[in-house]
Amino acid sequence: MSTLSLLRSQLLGYADGHVTPLPGHTGVHVHREIVQPLQQLINDAKQAGFQLQVASGFRHFDRQLLIWNDKCSGKRAILDDSGDVIDINSLSAIEKVYAILRWSALPGASRHHWGTDIDIYDAAAMPRDYQLQLHPDEYMGDGLFAPMMEWLDSYLQQESVPRFFRPYLQDKGGVSPELWHLSYRPIADRYEQQYSLALLQDYLSSLLPMGKVTAQSSKVHLEEQSVILEHLSTIYQRFIYL
Ligand SMILES: [Zn+2]
């Protein structure tokens, strides 16, 4: 594979040669260049009394596509800001797309595709049998993970610590604020600089629309493809933080 097409496949999430299993975790893969800084972060958190664990790291395009298609077709719930389930039948196609984008990335446009981004929680603060939600209430106020977030806020401001940052910290009306989402800047910046609307548009256009699904192509159809492509530049500005 040429360097260009390798980079393209990493940007869009359909390559996984650059990721490696994260020690101490089951089923979590990350970019191999973030393993060392991430372990330093985990160790530093441990010194401060937290058991920082990664709930999600690298996510393949196919996985994001499955989540997207399940939400579009009603197989998986779409939630509003209060965490209540939205009745998708009451929404137009574009309203549905925007409702999903509040919590889930468009396939091909997730920072998790790069392996540089992770979702974290404090395993030490979690009661037995607790089901992790990745919801703001868990990370703010008197939430379970608020103490670790408070520690992280000041930790990340120090000079000599690994350069993680939170790309979805402020609610800009697009993606819901994700306090749990960290990105490793030195590597993620390289991907950010190469990413573009044209790249995403080109790839999403190449997927099959609904109704043309065959047994061989069942993995590569994109629900609401035409509406997405029609509004892609607005979606890109509001939801894709690159
Ligand atoms: Zn995330």
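The values are calculated or read from the model by the stated rules, or taken from the named source; none is laboratory data. Worth saying up front: this structure is predicted, and the values here are computed from it rather than measured. Note: ideal-geometry Cβ built from the backbone for every residue, glycine included; neighbour counts use all protein chains shown.
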Checking Ala15 against (1) in contact (Cβ under 8 Å) with a residue 12 or more places away in the chain; (2) at negative phi; (3) part of a loop (DSSP other than H, G, I, E, B), which test does it fail? (1)
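Which residue, of Tyr121, Tyr168, is in contact (Cβ under 8 Å) with a residue 24 or more places away in the chain, outside any loop (DSSP other than H, G, I, E, B), closer than 30 Å to Arg190 by Cα and of a type in the set (Phe, Trp, Tyr)?
Details: Tyr168 fails: outside any loop (DSSP other than H, G, I, E, B).
From the options Tyr121, Tyr168, the qualifying one is Tyr121.
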Please find, within the range 126-152, the residue that is farthest from the ligand (Cβ to nearest atom) out of those that are buried (at least 16 other Cβ atoms within 10 Å of the Cβ) and among the aromatic types (Phe, Trp, Tyr). Trp151
Check the range 112-121 and report whether any residue there is within 18 Å of Gln53 (Cβ to Cβ), out of contact with any Ser or Thr (no Cβ under 9 Å at 6 or more places or on another chain), of a type outside the set (Val, Ile, Thr) and within 13 Å of the ligand (Cβ to nearest atom). yes
Set Ala45, Ala99, Ala123: member being of a type in the set (A, V, I, L, M), surrounded by fewer than 20 Cβ atoms within 10 Å (Cβ to Cβ) and at pLDDT 95 or above: Ala123
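Of a type in the set (D, E, K, R) and under 30 Å from Val227 (Cα atoms): which single residue out of Asp153, Asp189, Asp122, Asp142 fits that description? So that I can check it myself, show each step before the final result.
On the way: Asp153 fails: under 30 Å from Val227 (Cα atoms); Asp122 fails: under 30 Å from Val227 (Cα atoms); Asp142 fails: under 30 Å from Val227 (Cα atoms).
The match here is Asp189.
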Flag for Leu91 being modelled with pLDDT of 90 or more, on the phi < 0 side of the Ramachandran plot and within 16 Å of the ligand (Cβ to nearest atom): no
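Select from the range 75-90 the residues that are of a type in the set (Val, Ile, Thr) and in contact with a helix residue (DSSP H, G or I) (Cβ under 6 Å, 6 or more places away or on another chain) and write down the one among them that is surrounded by the most Cβ atoms within 10 Å (Cβ to Cβ). Write out each step before concluding.
Step one: of the range 75-90, the residues of a type in the set (Val, Ile, Thr) are 78, 85-86, 88.
When the remaining residues are screened for being in contact with a helix residue (DSSP H, G or I) (Cβ under 6 Å, 6 or more places away or on another chain), the result is 78, 86, 88.
Numbers: Ile78: 19, Ile86: 17, Ile88: 17.
Ranking the qualifying residues of the range 75-90, first place goes to Ile78.
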Got at least one residue in the range 60-74 being at pLDDT below 95 and part of a loop (DSSP other than H, G, I, E, B)? yes
Residue that is surrounded by the most Cβ atoms within 10 Å (Cβ to Cβ) [pool: residues in the range 153-194 that are aromatic (Phe, Trp, Tyr) and either within 15 Å of the ligand (Cβ to nearest atom) or modelled with pLDDT under 95 (or both)]: Trp180
